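Structure record follows, encoded as C-alpha cells.
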Amino acid sequence: MEEGRRKIIHIDMDCFYAAIEMRERPELKGLPVAVGGRKRGVLTTCNYEARKYGCRSAMPTFQALERCPHLVLLPVRFELYRQESQRIRKIFAEFADLVEPLSLDEAYLDVSHLRSNPEAVAAEIRDRIRETTQLTASAGIAANKFLAKIASDWRKPDGQFAIREDEVEAFMKTLPIEKIWGVGQRTAEKIHRLGVRTCGDLQQMPLVELDRHFGKFGRDLYELSRGIDHRRVNPNRERKSVSNERTFFEDVTTSEQGLEKLTPLIEELAEDYRDKHRDRRIREGFVKLKFTDFSITTAQRSMQEVDATELRKLLLEAWERGGGRPVRLIGAGVRFVPLGEGESGGQMRMF
Ligand code: TTP
Ligand code: MG
C-alpha cells in the first residue's frame, strides 16, 4: 500500500497527577505541589512551580524537600487519575480510530484521514480537553511517532509544536542523541565514545559502521537520526501483564523447593509492579511451570494486588498437575485490567 504522508499527533498532559490534584484544591494555586510518598518515597510528579526549585519525577521525596522546603506533598490517588485518563481517551476517540495510549496521560493519534491541518486538530483536541477536564495538555505534530513525541515536549506546558517536512533535516542536525527512542544511558555513553553527540553527527556514520557497533539497533539509529520512523500507531499495544520467570540449572524436584524458588520471583514481581506499573489495576495472578519434558502449565486466579499467599497456592496447584514431574522453569506474574475499562468494570468502546 502506498504510504503517503502521515499526520501523527502526540498528546501529553502537563504535570498530570499534580494538575489533577490542583484542580481539586484551588487553594493550592501558585504553590509548589508534588504527588508522592512521604517516608522513603519518591515523587511521581510535581507542578511547574516545584520544578523551578529543581524538583523532578522519580526524585526521592527527602531530596525534593531539601530543594523546596515548603513543597506541598500530596498522596497518590490512582483511581482519580484513571478516571481523568478515561475522559481524555474519550476525547481522543472523537478524533481518531487509531489511538495508541502510552500511559495514563499520553497517547499517539493518527489523524491522516482528516482533511484538516493536523495543527488545527491538535489545538482542537487540547481545547476539548481543557473544557472537559480543566486540565492542560501539550501536543507534538509530525509525520511520524518519533518526531511527534519529541515535538510535544518543545512548548510544554500548554503548548504545541509541529515539525513540518521541510524542517526535519535542520531539526535533526542539532538534536542530542539522548532524544532517540530506545537510547538509554548506556547506549548514549557508547555513542558518545564514538565522538557522536547529535543526530547530525550520527548521520555521518555509514550504516555498516552502525551495524558493526550496535547490531540490529544500528538500522534504527540510521533511520531515527534522519527523522525516519515507520512504526504504526497501534491501538492494541498496551501492556497486558507483567511477569518474570527463571530457568534453573538443576531441576526442581519438590514443591517445597518450588516455593523457595518462587519467593524471590514474587519479590521482584512486586518491585516491578511498584516501580513501573502502579498506575495499572491488577485483575489476576498466575504461576507458570515448565516441566523437564518442556510441557507447560499455568495456574491462575483473580487477585487485586501482588498477593504472595495466593501466588504460593497457585504454585502448589500447578505442581499437582505435574503429578510429581521435575520442573525446569518457574514464572510468576499478574495481568492488568485493560486501560479503557471503567472503574465499575464496564467495557468502554474506544480501546
Ligand atoms: P509524564 O508525562 O512523564 O510527566 P507529567 O505529566 O507529570 O509532566 P509533564 O508536564 O512533563 O508531561 O508522566 C505522566 C504521569 O505519570 C505523571 O503525572 C506521574 C506519573 N509518573 C510517575 O508515576 N513516575 C515517573 O517517574 C514519571 C516520569 C511519571
Ligand atoms: Mg505528561
Assign unit charges at the C-beta atoms only (+1 for Lys and Arg, -1 for Asp and Glu), then state the dipole size of the chain relative to its Cα centre in Debye, rounded to the nearest 20. 240
Local net charge near residue 46, Cβ-Cβ under 12 Å (Lys/Arg +1, Asp/Glu -1): +1
Using the Cβ atoms and a cut-off under 12 Å, what net charge is assigned to the surroundings of residue 313, where Lys and Arg are +1 and Asp and Glu are -1? -2
Have a look at 138, 157, 214 and report the one farthest towards the positive end of the charge dipole of the chain, computed about the Cα centre with Cβ charges (Lys/Arg +1, Asp/Glu -1). 157
Computed magnitude of the charge dipole of the range 243-335 (debye, nearest 20; Cβ of K, R +1, Cβ of D, E -1): 360
Write down the radius of gyration of the range 49-154 and its Dmax, each obtained from C-alpha positions, in Å. 16.5, 51
For the range 170-221, run through the trypsin sites (Lys or Arg not before Pro) and keep only the ones in DSSP coil with at most 13 other Cβ atoms within 10 Å of their Cβ. 216
For the chain, what D do you get in µm² per second when you plug the Kirkwood radius from alpha-carbon pairs into Stokes-Einstein at 10 °C and 1.306 mPa s? 69
Size-normalised alpha-carbon gyration radius of the range 4-52, reference 2.2 N^0.38 Å: 1.54
Summing +1 for each Lys or Arg and -1 for each Asp or Glu, what net charge is found among the other residues whose Cβ lies under 11 Å from the Cβ of residue 29? 0
Relative contact order (%) - the chain, alpha-carbon pairs under 8 angstrom, separation at least six: 15
Evaluated at 37 °C and 0.692 mPa s, the Stokes-Einstein D of the range 16-78 based on the Kirkwood radius over Cα pairs, in µm²/s, stands at 296
Take each complete run of DSSP H in the chain, measure how far its Cα atoms stretch along the helix's own axis, and keep only those covering 20 Å or more with mean Kyte-Doolittle hydropathy at least -0.5; list them. 308-322
Please say if the range 111-178 is rounded, prolate or oblate, where rounded means a/c under 1.5 for a ≥ b ≥ c the square roots of the C-alpha gyration tensor eigenvalues, and otherwise the choice is prolate for a/b larger than b/c and oblate otherwise? oblate
Within the range 173-187, find all residues whose amide N lies under 16 Å from a label point positioned 7 Å from the Cα of residue 228 along Cα-to-beta-carbon. 173
Dimensionless Rg over Rh [the range 235-279; C-alpha; Kirkwood]: 1.12
What percentages make up the Cα-Cα pair-distance distribution of the range 169-224 when the bins are 5 Å wide from 0? 4, 22, 35, 30, 8, 1
Distance between the C-alpha centers of the range 94-111 and the range 15-52? Whole Å please. 25
Only helical DSSP H runs with n ≥ 4 go in: add -39500 (n - 2.57) per run for the chain, normalise by residue count and round the 222 nm mean residue ellipticity to 500 deg cm²/dmol. -11500 deg cm²/dmol
Mind scanning 190/288; 52/145; 145/190; 90/240 and naming the pairs with a C-alpha gap bigger than 31 Å? 190/288
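Just so you know, all these numbers are worked out from the coordinates, no wet-lab data involved. Here the structure is a predicted model, which is why all the values come from computation and not from measurement. Note that each Cβ is placed from the backbone with ideal geometry, even for glycine, and that neighbours are counted across all protein chains shown.
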